[in-house]
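The structure under discussion appears below in the form of structure tokens.
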């Protein structure tokens, strides 16, 4: 741990690439100095990477078809500074609007805006270098002169500067991968980017026990080191004992899978991996190549005879297929580790974040510009828990409890919360700054290549990953906010207000079972469970009750809310945020039709039908049978704004809201007529308001009429 | 006038049908006694009318195909009591729900619910009589025992009782017309319903001058006599001198038109009348019949040789065609009187409402159950200004300023505010109670038959009638309320709030010309005209600016607001209600396209574009050219909730609300970019809320972002 080490030892720092700075430094001049050094070393290092390119054409030809050419990445990290500094209001004008438009977007393989070359008039590398010099001068000027309020944390405008630097360090790694994917003629060796020359026989792998134990992940906003949004919050888990491979899987070990026909045997591949292998027709790891019957390995700037003791570099699909093959071969429950299990390995290895000394691992460019033998860096009983290559996990990235997006970079992580981006852990030889920290959480699409390999574990358990999906459907998101979100115009939460009113009205009446019919997202179901022994929530829509089910499983409900046009904000709520965590075992949710309810829904002391009757296709079917569900003296609570629409209810089935026999016949008149045989109106009509947020500025503001009916026969 | 005559002279009242009572009677026992007598005499009289029917079949056969059979009317007036007493909460249960369903609706020829006989299981006349007896007993019981709070006025629950009685008196007249239209075999003479036997030579008609003068119509809620909703409010007019016929047009005088081929000469008929005469193939008045070359007249229960000196009974179309023929014959500006002109005649005749003595006119059943000679009742220089038969006017019924519907009978008049129902004035021999009062205002479709004829006038002037149309289009009504109606949730009127903010912001800047672009219903246009010399309102929709134009012509804006389902409330607003009457000459409204504005709209000191930009098909076209309309140093005020929808604005034309070059680009960002060349942002963004009412319980509650931009070049 680097806590307390404010300054990096000078004798070492001359050789080592600058570590991410302690932002809790209390001397602002020292902090300015450290940020200056951190920025310049990063900017320099990134530019030196592009010196491995042989010609201008190397900047314009795409290394892989689905991503931009390298000229984009050369400009992109500079433009990123400008964009974030503008958003943080540290600057108010652009340096080069044209460049800052073309260099802004296009990083992720599948979320590009426009990769059609014809639409880009790329500048020359010299022009981009000139632009980078302008950005460099601007950032240095800011670091030297801009007002600095300590501490620099999440909401400090200076956060944008560190964000820019850490962003460039990410691209240092990803651009090194692109260069490794470029044609050999476009790249050349470079004194700053020398690979490891050590190789030998691969060690035989073995399984080592990791004792059961608990892990606590996530960091606090007060942590002194820069973090990306996905690192904050909390997560803890108890991990049973498992075994893990001592070494990363070496090229040698992976060759067994290749030679056993692993790429051709569909039974080893997961469904998504099968699609990938069929599409790409891959037969071996992507950086392997065979010439004259000999295997070679492509490094950043050269091809070398296969170093069999170096780690195999593969995507998740290949790693997982290897595990499945190994499982079939050995009969053991072989799989990749989870993110949580990796933290158990990290603890077992007794590791710390890189400090001022050379790291005990092939990381942070402390040694080479390539991998190295898998038995080079022992860490406890294991090797390479950190460094050498990233290690794929079974865990799709998900937000920790308390996750929050950063306002000036709201799409850093959120697009990856789709259960299709798996976490990689441990870092590679080029993982620097935040990337090298134990807290970092990077995730990629499972078919993506990085300097990434894997180790395997044997464990019978694989816990489901917490959900990460953000509801984006307009109606479902609006209802999530309506039930669990914020209040607007000072109008109290509607389901909560209804339940308060119900409890007040029920007084001493029995409170064993309650039914929330038309429960939608389920808030009232949970609120009722604070007072009833057991509550059933029923809704016609499985998508709506899905929100209640999700929360009752102790999961966080996540959704986006439209602010303006396509701009959204990210929100999340859990039962514990609302003081409802103790109700989760007292509720159940079912999909059901209020006009044709299944027989088991009966024997209730209380039934709530909130905003339901004017959305039924046959309110009469509901009203004429609902007494059968209630105990005698049980109470039915109806609430509705009586917004009758033929889209929902045929005109002839409206309960009221029309002239009948020449006179105005309100819905309340209709309810009295239809319920009169079995019910007595005991309270109401009252009006309870509710607000549904559509955008940051547009709301539905509605008054729901509430009536209480006691079943008298 | 009957003011002060609390009691009708007993010696006379034994013979005369009870007059409508003074509801300001201060002795409640006296009032109960009078209401008792008024109710019983009316109920009796109505039942005696049905004694003219010869058999049960006479109750079931329809006199005319588009209206219910008489059995309906026999039950209807009793059911009406029950329905209104329920609404007024004087009773809380029905007497006979089945009867009260079938007898409720079906009075007006064209607003029937269901006239298919197969859908009605009519009861027998005896059953209905039995039902009537129950209703009679109930009403008498109420009059004798129900709590009575004086005075009995508009909002008093007892108003329902008088309403029921006056309603029955209306049906006394309309049922007498149906009986007159029934087959002769179904009717018989009756001692209470004896026609006049006087007839002789018709007098030659002549024109008499009526001096110019003013009229004031409408009554106050404090008026001591029952009135229908349409009688209340105020209306006054200056009437130039005109001439009017001394007598109603007699059968003799009308014969000239018939014999001149008037029914066959299309040039005499108005367009609507032409349709009627073509459809019905009428060749003479409906109650005339020719047998063996002789003309006869059908009365209620018999046919008599044509009494040529009795008034011709016709519908409006026939009366109007007669006038047009007469105009062509004489070259004089012959037409029917207006409602206002009839009041000049009434004043000239020196008449009063019927008092305890026999009326000076064939009205209120004081004489006969039929018309009488047109020269029987002199009234000043004229005859029959009141009584004998109703007189058609040129005036479609319209609401007086201050018109309000009665909550327990909101469809008494409102359905007739369609400019297709013309007022009839003066009453007939069977017009009793409210019908006989000078203040009463009855209107019928122009092709309808009543005991109605006409007198003609000669006048060069025919003022347009005040509009009576109620806007029922959902969007237009909502906007009428949004701009001119009530406030909800305590949110101030939006256009007014915007103008206040504008005036505060403009300070001492020039205020000669202002433009309200996207003015919708125009409220801000008027509000701006309180401060500017002249204001132009422009909107894409002619229907919207129609509301502003209407108000600027000193007309009242009338609209219905949805309460619940199909139930509506009726609202009206005029400029004077809002303190804006003095602005009407300082505004103009034009239809125009904000994205392609005509050249004349220029030279403004101030332009307001409220809730406009996110509804334009090309905001850029508007934003890039709007500076050309403003003077240098002029101010542009933009307000919008930025609710971008592809329905209005293609995605590529949104001003903001999307990610641009990877970063959130708000509409405000877009406005700055698009307006920056000519404008400086001088104030804002501010948020101003507005509420649009959709139903009694459902509202849009929105925040509009406001920015002020000064044109700097």
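The values are calculated or read from the model by the stated rules, or taken from the named source; none is laboratory data. On a predicted model such as this, the values are computed, not experimentally measured, just so you know. Here the Cβ positions follow ideal geometry from the backbone for every residue, glycine too, while neighbour counts run over all protein chains shown.
Below, the figures for the structure above:
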read-out: Residue count for region B:400-425, restricted to those that are within 14 Å of chain A (Cβ to nearest Cβ), without any contact (Cβ under 8 Å) to a residue 40 or more places away in the chain and in contact with a helix residue (DSSP H, G or I) (Cβ under 9 Å, 6 or more places away or on another chain); value: 0
read-out: Criterion (crowded, with 23+ Cβ neighbours inside 10 Å and at positive phi) met by exactly one of B:427, B:402; value: B:427
read-out: Scan of region B:557-567 for residues that are touching a helix residue (DSSP H, G or I) at 6+ places or on another chain (Cβ under 9 Å) and within 14 Å of chain A (Cβ to nearest Cβ), ordered by number; value: B:560, B:561, B:562, B:564, B:565, B:566
read-out: Residue within region B:569-592 that is within 14 Å of chain A (Cβ to nearest Cβ), in contact with a strand residue (DSSP E or B) (Cβ under 7 Å, 6 or more places away or on another chain) and part of a strand (DSSP E or B) present; value: yes
read-out: Residues of region B:346-357 that turn out to be in a helix (DSSP H, G or I) and over 16 Å from residue B:441 (Cα atoms), as a count; value: 3
read-out: Those strands (runs of 3 or more DSSP E) lying entirely in region B:598-713 with at least 1 residues closer than 24 Å to residue B:480 by Cα and within 8 Å of chain A (Cβ to nearest Cβ); value: B:679-693, B:698-711
read-out: So residue B:449, is it touching a residue at least 12 places away in the same chain (Cβ under 8 Å) and under 24 Å from residue B:168 (Cβ atoms); value: yes
read-out: Scope region B:536-567; condition in a strand (DSSP E or B) and within 13 Å of residue B:480 (Cβ to Cβ); matching residues; value: B:557, B:558, B:559, B:560, B:561, B:562
read-out: Conditions (1) touching a residue at least 12 places away in the same chain (Cβ under 8 Å); (2) surrounded by fewer than 20 Cβ atoms within 10 Å (Cβ to Cβ); (3) out of contact with any helix residue (DSSP H, G or I) (no Cβ under 9 Å at 6 or more places or on another chain): number failed by residue A:293; value: (1)
read-out: Residue under evaluation residue A:667, criteria (1) within 49 Å of the chain's Cα centre (by Cα); (2) without any contact (Cβ under 8 Å) to a residue 40 or more places away in the chain, criterion not met; value: (2)
read-out: Some residue of region A:388-395 being closer than 22 Å to residue A:199 by Cβ, modelled with pLDDT of 95 or more and either within 14 Å of chain B (Cβ to nearest Cβ) or part of a loop (DSSP other than H, G, I, E, B) (or both); value: yes
read-out: Selection count, region B:403-419, where residues are touching a strand residue (DSSP E or B) at 6+ places or on another chain (Cβ under 6 Å) and part of a loop (DSSP other than H, G, I, E, B); value: 2
read-out: Among (1) more than 14 Å from chain B (Cβ to nearest Cβ); (2) modelled with pLDDT of 90 or more, the one test that residue A:554 misses; value: (2)
read-out: Helices (runs of 4 or more DSSP H) contained in region A:51-111 and holding at least 1 residues away from chain B (no Cβ under 14 Å); value: A:56-60, A:70-87
read-out: All positions within region A:228-271 that are out of contact with any helix residue (DSSP H, G or I) (no Cβ under 7 Å at 6 or more places or on another chain) and assigned to a helix (DSSP H, G or I); value: A:229, A:230, A:231, A:251, A:252, A:253, A:255, A:256, A:258, A:259, A:267, A:271
read-out: Candidate set from region B:442-470 (those that are part of a loop (DSSP other than H, G, I, E, B) and touching a strand residue (DSSP E or B) at 6+ places or on another chain (Cβ under 6 Å)); member that is surrounded by the most Cβ atoms within 10 Å (Cβ to Cβ); value: B:454
